[in-house]
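Trainee: My questions will all concern the structure given below.
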Protein chains: 2
Amino acid sequence: MVTIRPATAPDFAAVWPMLRDVFRAGTTYAVEPAISRDAAQAYWMTSARATYVAQTDAGIVGTYYIRTNQPGGGAHICNCGYVVAAAARGQGIARQMCLHSQDAARALGYRAMQFNFVLASNHGAVRLWHDLGFATVGTIPDAFAHPTAGMVQAHVMYKRLDPPT
Amino acid sequence: MVTIRPATAPDFAAVWPMLRDVFRAGTTYAVEPAISRDAAQAYWMTSARATYVAQTDAGIVGTYYIRTNQPGGGAHICNCGYVVAAAARGQGIARQMCLHSQDAARALGYRAMQFNFVLASNHGAVRLWHDLGFATVGTIPDAFAHPTAGMVQAHVMYKRLDPPT
């Protein structure tokens, strides 16, 4: 049983280790692997429009943010990022967070969601986003220096959000 | 005769009116049209990796920035933005700035240049970037609320940069 709720500032104590593991690995996010805790908090929480955590009996096992992808004339499209704790993978938590984020984004007035940089090497993410209705609208060649896979492509993925009913 | 040189902080007095006209119009850049002078300076100069101005006998007639498009594994790709003063358009200044920026980017170690948000309605820009060797690698539907053209698409454009010879 997973509960997804808005993150509070104290939640960052549980969020940071999950982000740290993912960012330090440098295999999925275009984030400086040596990013500091403070910079990660600014990126994931302070500068985001909204941040959520996914909680089970085991504690906080996932987190996501919503931010406006482009200001001005592009401000109707949001961007989200999702991280699941290593110990909680394979339980559908990313899927539940993405579904939740689409509702949250609609409620915030966004009309579409865009992922700017989905690495082609991140097969699970590509498959999941396609399964949830995202289309690949672009592919950037040699976009990311992967520590073991070499240069990998990145996809731009997009989904229109219908207004809340 | 156009000279392109690194911008200095005092140059912003001449740069700001050019940016202001473009940003206030809200037809080409995904920037909040009401952006303040300080926020524009932070965006165009302080937070950029490098900023240049194009100068003729008439004074400063154009400007561009280079920034790292994605941190971490994506940091070998730069992004640039160009603005030409209204009175100086049609003289090839954007083309000269883009050629200059490719050399400047190579010298900074970048291996590719990416434009994240080229509006399809900005026909002159799309044509110029294609002419200068940029490929359209993606197209975001309904990406931008244009004040007169309605919802327009935005292209992701990309060019590999050969190392300096």
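Trainee: With each label point set 7 Å from Cα along the Cα-Cβ vector, what nm distance links A:Arg160 and B:His123?
Mentor: 2.6 nm
Trainee: Can you name the residue in chain A whose Cβ lies closest to the A-to-B rotation axis, and give that gap in whole Å?
Mentor: Nearest Cβ to the rotation axis, residue and whole-Å distance: A:Gly138, 1.
Trainee: Say a label goes 7 Å from Cα toward Cβ at A:Leu99 in every copy; what distances in nm does this one have to the rest, shortest first?
Mentor: 5.6
Trainee: Can you give the extra length, in nm with one decimal, that the chain gains between B:Asp38 and B:Asp103 once fully stretched, where that is 0.36 nm per residue apart less the Cα-Cα distance?
Mentor: This chain segment gains 20.5 nm when fully extended.
Trainee: With charges only on Cβ, +1 for K and R and -1 for D and E, what is the dipole size of segment B:69-165 about its Cα centre, in debye, rounded to 20?
Mentor: Taking the Cα centre of segment B:69-165 as origin, the dipole is about 140 debye.
Trainee: Right, here's the next one. Taking every residue in B:130-142, how many Cβ atoms of other protein chains lie within 10 Å of its Cβ, on average?
Mentor: Neighbouring Cβ atoms belonging to other protein chains average 4 per residue here.
Trainee: Between B:Ile35, B:Met157, B:Ala48, whose Cα lies farthest towards the positive end of the dipole of the protein assembly as shown when Lys and Arg beta carbons carry +1 and Asp and Glu beta carbons carry -1, centred on the Cα centre?
Mentor: Checked the options; the winner is B:Met157.
Trainee: Along Cα→Cβ at 7 Å, what distances in nm separate the A:Ala86 label point from those on the other copies, shortest first?
Mentor: So the label point of A:Ala86 gives 5.8 nm to the other copies.
Trainee: Can I ask one more? Using amide H atoms built 1.01 Å from N in the peptide plane, name the residues 5+ places from B:Met151, or on other chains, whose amide H lies under 5 Å from its own.
Mentor: Answer set, sorted by chain and number: B:His146.
Trainee: Output, in nm with one decimal and in ascending order, the distances from the B:Gly150 label point to the matching label points of the other copies (7 Å from Cα along Cα-to-Cβ).
Mentor: For B:Gly150, the other copies' label points sit at 4.6 nm, shortest first.
Trainee: Related question: So what J values fall out for segment A:152-162 if you push phi through Karplus, 6.51 cos²θ - 1.76 cosθ + 1.60 with θ = phi - 60°, rounded to Hz, Gly and Pro as x?
Mentor: Using θ = phi - 60°, the values come out as 10, 6, 10, 9, 9, 10, 8, 9, 6, 10, 5 Hz.
Trainee: Just tell me, in residue order, which DSSP H segments of chain A are both 18 angstrom or longer along the helix axis (alpha-carbon based) and at least 1.0 in mean Kyte-Doolittle hydropathy.
Mentor: Helices meeting the criterion: none.
Trainee: Does chain A classify as rounded, prolate or oblate by the C-alpha gyration tensor (a ≥ b ≥ c root eigenvalues; a/c under 1.5 gives rounded; else a/b over b/c gives prolate, otherwise oblate)?
Mentor: Since a/c stays below 1.5, the shape of chain A is classed as rounded.
Trainee: How large is ³J(HN,Hα) for each residue in segment A:111-118, as worked out from phi by the Karplus curve 6.51 cos²θ - 1.76 cosθ + 1.60 (θ = phi - 60°), to whole Hz, x for Gly and Pro?
Mentor: Running phi through 6.51 cos²θ - 1.76 cosθ + 1.60 with θ = phi - 60° gives 10, 7, 10, 10, 9, 8, 7, 8 Hz.
Trainee: Counting Lys and Arg as +1 and Asp and Glu as -1, each charge on the Cβ, what is the dipole of chain B about the Cα centre in debye, to the nearest 20?
Mentor: 220 debye
Trainee: Just A:Ala105, A:Ala135, A:Ala13 to compare: in a GNM of chain A, with alpha carbon springs under 10 Å, which one fluctuates most?
Mentor: Taking springs between Cα atoms under 10 Å, the residue moving most is A:Ala13.
Trainee: Place +1 on the Cβ of every Lys and Arg and -1 on the Cβ of every Asp and Glu in segment B:70-165, take the dipole about the Cα centre, and give the residue among B:Cys78, B:Phe117, B:Pro141 whose Cα lies farthest towards its positive end.
Mentor: Sorting the options by dipole projection puts first B:Cys78.
Trainee: Would you pull out the residues with amide H under 5 Å of B:Leu119's amide H, same chain only if 5 or more places away, H placed 1.01 Å from N?
Mentor: B:His155
Trainee: For segment B:105-165 and segment A:66-131, what is the separation of their C-alpha centers, rounded to whole Å?
Mentor: 24 Å
Trainee: Count, for each residue of B:73-84, the Cβ atoms from other chains sitting within 10 Å of its Cβ, then give me the mean as a whole number.
Mentor: That average works out to 4.
Trainee: Here's a follow-up. Quick one: which residues, 5+ away or cross-chain, put their amide H under 5 Å from the amide H of B:Ala85? H built at 1.01 Å from N.
Mentor: B:Gly62
Trainee: Which of B:Thr56, B:Thr68, B:Thr28 moves the most in a Gaussian network model of chain B with Cα springs under 10 Å?
Mentor: B:Thr56
Trainee: Quick check for me: using +1 on Lys/Arg Cβ and -1 on Asp/Glu Cβ, what's the dipole size of the protein assembly as shown about its Cα centre, in debye to the nearest 20?
Mentor: 140 debye
Taken together, the values in this text are just the output of simple stated rules run on the coordinates, not laboratory data. Keep in mind that what you see is a predicted model, and the values were worked out from it rather than measured. Note: ideal-geometry Cβ built from the backbone for every residue, glycine included; neighbour counts use all protein chains shown.
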